[in-house]
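The values are calculated or read from the model by the stated rules, or taken from the named source; none is laboratory data. This one's a predicted model, so the numbers in the text were calculated from it and none came from an experiment. All Cβ positions, glycine included, derive from the backbone under ideal geometry; neighbour counts span all protein chains shown.
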Amino acid sequence: MHYIHWGFLCSILCAVSVARADCPLADKIAREKGLDAALETYNHCAIVQNDDEAQLYLAHIYEKGQGNVYKNPRRAILFYHLSAENGNATAMVDLAKLLTQLDDNDSTRDDIITYMDKIQGQLRYTSGSSFTGKLLHPYALLMLAAESPEIKWFYSSKQKSDPRASQLLNNYAIDPEKKKEVIRAASQWKRRKMLDLAREVFSVKEYNEFYRTLYPKEGLPNAFARSQAVEKLKARVESRQK
């Protein structure tokens, strides 16, 4: 059986550079030679290149087990989490479903959190947004996945919607006080994503101006100035994508 140790992960993180072509190459290798032969390339895409589609693919593989790859729920959650951190709506829904299965099992959930925290140090130097070992609540994940794709322009993933999200969200039973806490956590997540993006595309001076406009030290932000700042960020992102 093919079992990848996290020492292999460390060797991936030490790579000097990896061509973006590796991601479609992984699919080609998988088609021609099978999953085992492509697994290392998929890991490059998922970890070094922070590719949300590769992360989601590996999550599915580890959740169910396939070929000579062991079923490993902890790694499935890790890769779902990484993909969800990029705003992948399908990863958010699948992660919410998997975490819900652990909701009544404190020891299993604690084990997952410990595992995520342990791996955080190994992943914090990867490309893309800073890795956090903190898992969002399943309800928060479903909320984010169910939101309109139009307001997710600052998410890096192209997979901004999932048709399952709204129904699962409507059927999710949650304590009212817990719901308030979860909504705050989801809002903080979106704030972090937007600030990560602003930090990436703006100069230091522009970023500081952007931050002060959205989050002034005193009083509430000026609605018009806030709208203008967000539009400037959106325009900068769109110009980079051309």
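Some notes on this structure:
- Filter pass, residue 88 being of a type in the set (S, T, N, Q) and under 27 Å from residue 163 (Cα atoms): yes
- Any chance residue 224 is closer than 19 Å to residue 153 by Cβ and either in the same structural domain as residue 86 (by TED's automatic domain parsing) or modelled with pLDDT of 95 or more (or both): no
- Any chance residue 206 is surrounded by 15 or more Cβ atoms within 10 Å (Cβ to Cβ), modelled with pLDDT of 95 or more and within 26 Å of residue 76 (Cα to Cα): no
- So residue 173, is it small (Gly, Ala, Ser), free of Cβ contacts under 8 Å to residues at least 12 places away in the same chain and not in a helix (DSSP H, G or I): yes
- Residue count, region 153-168 (criterion: part of a helix (DSSP H, G or I), in contact with a helix residue (DSSP H, G or I) (Cβ under 8 Å, 6 or more places away or on another chain) and surrounded by fewer than 20 Cβ atoms within 10 Å (Cβ to Cβ)): 2
- Within region 194-219, residues that are closer than 23 Å to residue 144 by Cα sit with their Cβ atoms under 6 Å from residues that are at pLDDT 95 or above and surrounded by 15 or more Cβ atoms within 10 Å (Cβ to Cβ), at 6+ positions apart or across chains, in these pairs: 198/207; 198/210; 198/233; 199/207; 214/226.
- Count of region 26-66 residues which are closer than 20 Å to residue 78 by Cα and not in a helix (DSSP H, G or I): 5
- Matching residues, region 50-65, being within 24 Å of residue 156 (Cα to Cα) and either surrounded by fewer than 18 Cβ atoms within 10 Å (Cβ to Cβ) or at pLDDT below 85 (or both): 60
- Number of residues in region 1-24 that are over 22 Å from the mean Cα position of the chain (by Cα) and at pLDDT 50 or above: the value is 0.
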